[in-house]
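Working notes for the structure below.
The values are calculated or read from the model by the stated rules, or taken from the named source; none is laboratory data. Predicted model only: the values in this text are computed from it and were never measured. Every residue, glycine as well, gets a Cβ built from its backbone with ideal geometry; the counts of neighbours run over all protein chains shown. Surface areas here come from the heavy atoms of the whole protein model, side chains and all, with no ligands, DNA or RNA. Shrake-Rupley method; radii C 1.70, N 1.55, O 1.52, S 1.80 Å.
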Amino acid sequence: MKRYVTAVVAVLAVVALIAGCGGGEEESTSGVVTVQFWHAMGGPLGDALDALVDEFNELHPAIDIVSISMGRYQALSQKIMAAVAAGQPPVLAQAYEAWTGELIENGSAVPLNSYIEGGGGLTLAELDDFVPGMLDNNSWDGTVYSFPFNKSVRAIYWNKDLFAVEGLDHAPTNWSEYEDFARRLTKDTDGDGEIDQWGTAGQISAWMFENLLLQNDGQILTEDGAAAAFDSAEGVEALEFMVRLLTKWGKVTSGYEYQNDFQAGKVAMIEGSTVSLSFMEGKYTFNMAVAPLPEGRGKGCYVAGTNVVIFAEASQAQKDAAWEFIKWFTSPETSARWAARTGYAPVRMSAMESGAMQARFGEIEGLEGVLRQLEFASYEPRSAAWYAGRKHLEEMGVESALRQRMTPPEALAKAARLVNAELAGQ
Amino acid sequence: MTWLERLKRKKIMDPVTAALYLVPAGVIVVVFRLLPIGSAFLLSFFDVKMGRIRGFVGLAQYARLFQDPTFWSSLGTTAYYVVGVVPLSLFLSLFAAVLLNQKIRTLGFYRTVYFLPVVTSLVAVSMVWKWIFHPRLGLLNYFLQFLGGGSLQWLEEPRGIFEMAAAGLNWSWWPDGFAGPSLALIAVIVVAIWRGIGYNIVIFLAGLQNIPDQYYEAARIDGANPRQVFWKVTWPLLSPTTFYVLLSTTIVSFQVFTQIYLMTGPPVGGPMGTTKVIVYYLFEKGFDAGGNMGYASAVALILFGIILTLTLVQRRIVERRVYY
C-alpha cells in the first residue's frame, strides 16, 4: 500500500510540475490595467525610475505600471528575446534600436503612429520639440516603433583644482589641447620616480573610439551598412590618438575604476557618459565641472542609450496604458526631472528651459553645454549585425590596441574582418 | 487480502509499478533532454529567430559557422580549457582520494572540506573567486606582493602564459601562435579544478573502497613496497573508476559556461575574447539580440559531435587498459 501511495504522489508531483510550467495570464478583476515594464536600470537609476513610476501610478489610478529590473542590458535583451519566443513578452520594455528592428521583423513591436496622431497623441509642435534626430532614429520606413527613453552623451569631467595648479582654467576644447593638458597634468607629485597623478584615465570603450572617429570625419560602416569603414585612415588616426592619450598620459582601468580614481583626485580629467553624474554624486570633494567633448576636425558625438517599445502581444487596454506612460514620461516636465536626477539627456528641447534642468545646470558647471551636444548628435548604425559587430570592435579593435597587443592599424583591420563576417552573415 | 495484494500476487502489478516509478525520471528525461536534443538537430537546418521558423536553409548555417573566425577561436579556447582541467583534476583528486582512504582520525573532517566546494553554489563561488583575482583589491595579488612578487592582472590579462613566461625570462621573441592560454583562462581553470575536485574524490573513494583487502594483504605478504602496491594493485583495480572520471570530467569541461559567464568580462569572454568558450559562443549567438536559435543549434550539434567523437576515441584507446 505504501509503495502504491508513493507512486501516486510521484505522478501527481510530475503532473503539478508540468501544469506549473504552463503559467497563467494575470487577469485583473478590479479594472486596473497592469503593465509589466522590463528595464535594465539599477542603482541610483533604478531608484529614480521607480520613483517616477510610482508617481505615474498615483496620478493614474486605473493603470498599474510594474517596473521590473532585469539587471544588465544583455540580460534584458536575452529575457526579451526568450519571452517573445515563448509568446509571453512584457507590455513595455527598454530596447536598443537593433532589438527593436528584430522585434519589428517578428511582428512584435506596436507601430506608434496611430497613437501619436490619435486623440491622446502629440501635436506637431510637441513632435518638433523632441531632440532633433531622436524620433527619426526610432522610426523604420516612416513608422515610429519606439520612443527615446534614457539617452546619454559623453562629456569631459574635469577637476578644476588640479587644472588650476597647472594654470589651466578650462577643459580641453580640441584634440591638441586634450593631449597637451593630459600631458601637463600627468605628474610625479612626491618625487619618488613614480607617476601618481594621471592626466586622464578610461575604460576599454568602443563608444569613446566611435566618438573620436566621428570627430575625425570617419565613419563606422560604409554608407550602405554592408561593410566596416572604421579601419580607414581616419579611424587609425583616431585610435592612435586614443591609445596615446590613455597609455602615455593616462591609464586604462577595468570597469569603472577610472571613475573612482577621478573622484579620489588621482586623475585630473576623464571622459564618461553624462549618466556617470548620478554615480559620482556626493563622492568627490573638489571643484568639478563638465564640458562637451573636444573637437577634432569637427564636432561629433554619438548618442547612446535605449528607447521603449510596446509589444504587440499585449491587450489593447495594456497598449493604451503603456502609451499613456510613454507620453507622460517623455513630456518636457517629466523628461526634465528624469534628466536632472539621473544625468540622462532630456528627450525634449524645451525641457532644457524647465526649472528642474535650470536648477541642475546651476549645480553642475558646464552641464548645459554638454547636453547642447544633442543639437548636432549622431546615432550609431541600427542593424542587429552591427550590434553583434560592435563587440568585435571593442574586443579586438579597441582593447587589443589599448593593451598594446597590436598596433592600431592591425587591431582595426582585424576587427573589421570580424565585423564584415558578422555583416555578411545576417 | 486487499485488491492490491491480490493483483500483486498475480504479478500484474509488477510492470505497472515499474512503469509508475519510471514516470517521474522518464518525463524529465524526455521533456528536458530528448525533445530539446531532437529539436536542436532539426532547428540547425532552419533560420529561426525569436522562436519563429523563417525558412529551411539546409546546411547554410554550418557553412557559415565554419567560416566564422570566432567559432574557431572559441573552439581553441575550449580545447585549452579541457586540456588544462582534465589531467590536473584527475591527478589531484586521485592523489587526495588515496590519502583520504587511509585510516586517520580526522578523516570525516577532511572529506567534508574537500566536498564543500561541490555543494557551494557555483554563482557564489565564481563571485568570490572573481574578487580574489581582482588586480588591485584581490587577495591573491596581496599575497604575491607580501611575498615580494609583482602583481598580476589575472582575469584581465589577455597575454598567453607561455608568452608571459618567455617575457619573464627576458626572451625578446616568442613565436606568434604559441602564446598559450591567457592568464585569464588559467584563472578560470584553477577555479574549475578547485571546484570539481571534491566530486571526483568521492567517486575515487568509492572505487578505492571497492578494492578487496585480500589483494593488499597478498601484496604485502609478497613483500611489495607502497609504490608497487599502488601501481600493481590499486591502479589496475581502480581503472574502471578512473575511466569513468576521465570521461565525465572531459564532457563537463567541454560544456563549461557558468564560470565563464560570471567571472570574465565585461564583456563576457574577455579580455580580448581569450576566455570565450564554445558554449558561451553558442549562447551569444542564440540569445543575444537578433539571436538565431538555428545557428546556435548548429553550434550545439558540432559540440555534440566533438564530445561524442572524443568519448568514442577515449573508449577505444583508454578502455583497453581498463580491467573490469
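Could you tell me how many of the residues in the stretch A:36-54 are more than 24 Å from A:Met280 (Cβ to Cβ) and touching a Lys or Arg at 6+ places or on another chain (Cβ under 9 Å)? Break it down stepwise before answering.
Looking only at the stretch A:36-54, we keep the residues that are more than 24 Å from A:Met280 (Cβ to Cβ), and these are A:36-38, A:53-54.
In the following step, the residues that additionally are touching a Lys or Arg at 6+ places or on another chain (Cβ under 9 Å) were identified as A:38.
Final tally of qualifying residues: 1.
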Give me the pairs: first residue in the stretch B:24-39 and more than 9 Å from chain A (Cβ to nearest Cβ), second residue part of a helix (DSSP H, G or I) and open to solvent by 80 Å² or more (accessible area, probe 1.4 Å), beta-carbon distance under 9 Å, and six or more apart or on different chains, which are they?
B:Ile37/B:Phe304
Would a scan of the stretch A:344-364 turn up a residue that is modelled with pLDDT under 95 and either at positive phi or within 14 Å of chain B (Cβ to nearest Cβ) (or both)?
no
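Residue-by-condition table, conditions (1) more than 14 Å from chain B (Cβ to nearest Cβ); (2) buried (at least 16 other Cβ atoms within 10 Å of the Cβ):
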site	(1), (2)
A:Gln94	no, yes
A:Ser114	yes, no
A:Gly119	yes, no
A:Pro132	yes, no
A:Asn137	yes, yes
A:Asp141	yes, no
Please list, ordered by residue number, the helices (runs of 4 or more DSSP H) wholly in the stretch A:305-410 having 3 or more residues that are among the small types (Gly, Ala, Ser) and out of contact with any His (no Cβ under 9 Å at 6 or more places or on another chain).
A:332-342, A:355-363, A:384-392
Where residues in the stretch A:47-78 are in contact with a Gly (Cβ under 9 Å, 6 or more places away or on another chain) and assigned to a helix (DSSP H, G or I), which of them is nearest to A:Phe329 (Cα to Cα)?
A:Ser77
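Within the stretch B:202-228, work out how many residues are open to solvent by 20 Å² or more (accessible area, probe 1.4 Å), part of a helix (DSSP H, G or I) and either hydroxyl-bearing (Ser, Thr, Tyr) or free of Cβ contacts under 8 Å to residues at least 24 places away in the same chain (or both). Working first, answer last.
Going through the stretch B:202-228, the residues open to solvent by 20 Å² or more (accessible area, probe 1.4 Å) turn out to be B:202-203, B:206, B:209-210, B:212-218, B:220-228.
Add one more test, that the residue is part of a helix (DSSP H, G or I), and what stays is B:202-203, B:206, B:209, B:213-218, B:220-221, B:226-228.
So of that shortlist, the ones also either hydroxyl-bearing (Ser, Thr, Tyr) or free of Cβ contacts under 8 Å to residues at least 24 places away in the same chain (or both) come out as B:213-218, B:220-221, B:226-228.
The number of residues fulfilling the criteria is 11.
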Sole residue being out of contact with any Gly (no Cβ under 8 Å at 6 or more places or on another chain) and in contact (Cβ under 8 Å) with a residue 12 or more places away in the chain, chosen from A:Ala351, A:Ala415, A:Ala385:
A:Ala351
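Any idea which of B:Gly26, B:Gly38 is open to solvent by less than 60 Å² (accessible area, probe 1.4 Å) and within 24 Å of the chain's Cα centre (by Cα)?
Values: B:Gly26 fails: within 24 Å of the chain's Cα centre (by Cα).
Exactly one residue qualifies, and that residue is B:Gly38.
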Looking at the stretch A:360-376, which of its residues are touching a helix residue (DSSP H, G or I) at 6+ places or on another chain (Cβ under 7 Å) and either open to solvent by 30 Å² or more (accessible area, probe 1.4 Å) or of a type in the set (Asp, Glu) (or both)?
A:Glu368
Residue hits (the stretch A:395-421; open to solvent by 20 Å² or more (accessible area, probe 1.4 Å), out of contact with any Ser or Thr (no Cβ under 7 Å at 6 or more places or on another chain) and within 11 Å of chain B (Cβ to nearest Cβ)) are A:Met396, A:Arg403, A:Arg405, A:Lys414, A:Arg417, A:Asn420, A:Ala421
In the set A:Tyr379, A:Tyr387, the lone residue that is of a type in the set (Ser, Thr, Tyr), within 14 Å of chain B (Cβ to nearest Cβ) and open to solvent by 20 Å² or more (accessible area, probe 1.4 Å) is A:Tyr387
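Against the definition (out of contact with any helix residue (DSSP H, G or I) (no Cβ under 9 Å at 6 or more places or on another chain) and either within 24 Å of A:Tyr256 (Cβ to Cβ) or small (Gly, Ala, Ser) (or both)), how does B:Val123 come out, yes or no? Even if it seems obvious, please write down each step before you answer.
Details: out of contact with any helix residue (DSSP H, G or I) (no Cβ under 9 Å at 6 or more places or on another chain): no; either within 24 Å of A:Tyr256 (Cβ to Cβ) or small (Gly, Ala, Ser) (or both): yes.
In short, no.
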Does A:Asp161 satisfy the condition of being open to solvent by 10 Å² or more (accessible area, probe 1.4 Å), in contact (Cβ under 8 Å) with a residue 60 or more places away in the chain and in contact with a Ser or Thr (Cβ under 7 Å, 6 or more places away or on another chain)?
no
For the stretch B:178-190, indicate whether the set of residues that are under 24 Å from B:Ser74 (Cβ atoms), away from chain A (no Cβ under 14 Å), hydrophobic (A, V, I, L, M, F, W, C) and surrounded by fewer than 19 Cβ atoms within 10 Å (Cβ to Cβ) is non-empty.
yes
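Given the options A:Leu214, A:Leu293, name the one that is at pLDDT 95 or above, open to solvent by 10 Å² or more (accessible area, probe 1.4 Å) and touching a Lys or Arg at 6+ places or on another chain (Cβ under 8 Å).
Details: A:Leu214 fails: touching a Lys or Arg at 6+ places or on another chain (Cβ under 8 Å).
When all the criteria are applied, what remains is A:Leu293.
For the stretch B:285-297, which residues satisfy the criterion of being under 21 Å from the mean Cα position of the chain (by Cα) and in contact (Cβ under 8 Å) with a residue 60 or more places away in the chain?
Restricting attention to the stretch B:285-297, the residues satisfying the condition of being under 21 Å from the mean Cα position of the chain (by Cα) are B:296-297.
B:Ser297 - this is the single residue of the stretch B:285-297 that is under 21 Å from the mean Cα position of the chain (by Cα) and in contact (Cβ under 8 Å) with a residue 60 or more places away in the chain.
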Within the stretch B:55-62, does at least one residue satisfy the condition of being out of contact with any strand residue (DSSP E or B) (no Cβ under 7 Å at 6 or more places or on another chain), within 14 Å of chain A (Cβ to nearest Cβ) and hydroxyl-bearing (Ser, Thr, Tyr)?
yes
Restricting attention to the stretch B:130-156, which residues are under 27 Å from the mean Cα position of the chain (by Cα) and outside any helix (DSSP H, G or I)?
B:Phe133, B:His134, B:Pro135, B:Gly138, B:Leu152, B:Gln153
With respect to A:Phe241, determine if the residue is closer than 26 Å to B:Pro158 by Cβ, part of a loop (DSSP other than H, G, I, E, B), open to solvent by less than 20 Å² (accessible area, probe 1.4 Å) and in contact (Cβ under 8 Å) with a residue 40 or more places away in the chain.
no
Evaluation of A:Leu103 against (1) of a type outside the set (S, T, N, Q); (2) away from every other protein chain (no Cβ under 14 Å); (3) buried (at least 21 other Cβ atoms within 10 Å of the Cβ); (4) in contact with a strand residue (DSSP E or B) (Cβ under 6 Å, 6 or more places away or on another chain) (one fails), failing number
(2)
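Does A:Thr189 satisfy the criteria of being of a type in the set (Ser, Thr, Tyr), surrounded by fewer than 21 Cβ atoms within 10 Å (Cβ to Cβ) and at pLDDT below 95?
On the way: of a type in the set (Ser, Thr, Tyr): yes; surrounded by fewer than 21 Cβ atoms within 10 Å (Cβ to Cβ): yes; at pLDDT below 95: yes.
Yes.
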Which listed residue, of B:Phe257, B:Phe283, is of a type outside the set (Lys, Arg), within 14 Å of another protein chain (Cβ to nearest Cβ) and surrounded by fewer than 20 Cβ atoms within 10 Å (Cβ to Cβ):
B:Phe257
Note on B:Val313: of the conditions (1) within 14 Å of chain A (Cβ to nearest Cβ); (2) surrounded by fewer than 23 Cβ atoms within 10 Å (Cβ to Cβ); (3) not acidic (Asp, Glu), unmet is (1)
Being touching a Pro at 6+ places or on another chain (Cβ under 8 Å), at pLDDT below 95 and not in a loop (DSSP other than H, G, I, E, B) is the requirement here; does A:Ala98 meet it?
no
